[in-house]
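Written out below as structure tokens is the structure these notes cover.
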Amino acid sequence: MKDLYAKTAFITGGASGIGLGMARAFLAEGMNVVVADLSDDHLAQAGQALAPQAQHVRFMKLDVADRAAMGAAADEAEAAFGKIHVLCNNAGVTGFLPMDQATYGDWDWLLSVNLYGVIHGIVSFLPKLRVHGEGGHIVNTGSIAGLVPAPAWGGIYSTTKFAIHGLSGSLRLSVGQYGIGVTEVCPGATRTNVRDSHRLRPAHFESAEHRKGPMPSLQEIGIDPLEIGRRVVRAIHRNDPYVIAHAENKAHVQAFAEEMLAAFPDEVVTDEGRLSYIRWFDQATAEALALQPREVGEKQAR
């Protein structure tokens, strides 16, 4: 998708942090942007920050864990600006406590937002991206903690982000045939409010005692979310599978990958049944990759 001008993007968790960074970057490209967020305070602050471009922005309160609300938001966004071309599943929450002390409420809350919030976005918006036939792009916000296991106090969060990693890769292979690209954003330390997300936790998710854990404040050490937003724009232009802005995490990912590779046995497989499965897997993957749009919005011959 080389030209984003006058296209429309829908961003969950869009009123602060990385979501707001993407909104700013999209507006700089001449896009229309729907900013969806659960926090009234963040929506008000984003409204002030984006006031100079108010004619190109709509704000809506949205709980991504509510699938009916997500479906209604998709219809409302389409009614406001017409065709939707870019979906950013960015909303996320975290909790900092040892995994061995986690309650069902802890697990349910993070899964409902970080995983099912993304699923709800895909189910609600993908048909709209497909039907207009102009292609589009889906951006899922994962994390470095979805590429490398986080320490135990961030284990539930890491679990949800590993799920987003697998989801994004498989979705990319599924929707390229429609001229739709998929990018996974894997941020490290970024200036966001995610550590304060417990303030938005619904009462019905019973919880263990909240702690912020030993991690430093992201507002003090993180990179500017606008930098992430600009990298997302570039990834959409090029149909890149990943946005990774934190070079300092490369060694962690490499060490984790090497640990996995070292677990593979050194043997020559001659069993025809096992080899036939690998040939099928390789062929199916190659066929899906061949359908990837060279530029998003350009359909490939099937």
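The values are calculated or read from the model by the stated rules, or taken from the named source; none is laboratory data. Just so you know, these numbers come straight off a predicted model, no measurement behind them. All Cβ positions, glycine included, derive from the backbone under ideal geometry; neighbour counts span all protein chains shown.
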Pairs where the first residue, in the stretch 13-34, is on the phi > 0 side of the Ramachandran plot and the second is part of a helix (DSSP H, G or I), C-beta under 7 Å, 6+ apart: GLY13/GLY19; GLY17/VAL194; GLY17/PRO225
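Matching residues to (1) surrounded by fewer than 16 Cβ atoms within 10 Å (Cβ to Cβ); (2) hydrophobic (A, V, I, L, M, F, W, C):
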site	(1), (2)
ALA80	yes, yes
VAL93	no, yes
TRP107	no, yes
HIS120	no, no
Residue within the stretch 142-150 that is closer than 14 Å to VAL118 by Cα, within 12 Å of the chain's Cα centre (by Cα) and at pLDDT 95 or above present: yes
Some residue of the stretch 95-106 being under 16 Å from the mean Cα position of the chain (by Cα) and without any contact (Cβ under 8 Å) to a residue 60 or more places away in the chain: no
Output for the stretch 203-249, where each listed residue is among the aromatic types (Phe, Trp, Tyr) and either within 16 Å of ARG191 (Cβ to Cβ) or modelled with pLDDT of 90 or more (or both): TYR242
Helices (runs of 4 or more DSSP H) enclosed by the stretch 55-174 - at least 3 residues per element that are in contact with a Lys or Arg (Cβ under 7 Å, 6 or more places away or on another chain) and over 15 Å from VAL185 (Cβ atoms): 67-81
Conditions (1) among the aliphatic types (A, V, I, L, M); (2) touching a Gly at 6+ places or on another chain (Cβ under 9 Å); (3) within 20 Å of ALA80 (Cα to Cα); number of the one not met by VAL131: (2)
Number of positions in the stretch 20-29 that are buried (at least 24 other Cβ atoms within 10 Å of the Cβ) and either at pLDDT below 95 or closer than 17 Å to HIS85 by Cβ (or both): 4
Boolean, LEU43 is at pLDDT 95 or above and in a helix (DSSP H, G or I): yes
Given (1) in contact with a Leu (Cβ under 9 Å, 6 or more places away or on another chain); (2) loosely packed, with under 15 Cβ neighbours inside 10 Å; (3) acidic (Asp, Glu), number of the condition ASP41 does not satisfy: (1)
Where GLN177 falls short, out of the listed (1) assigned to a helix (DSSP H, G or I); (2) at pLDDT 70 or above; (3) farther than 20 Å from MET1 by Cβ: (3)
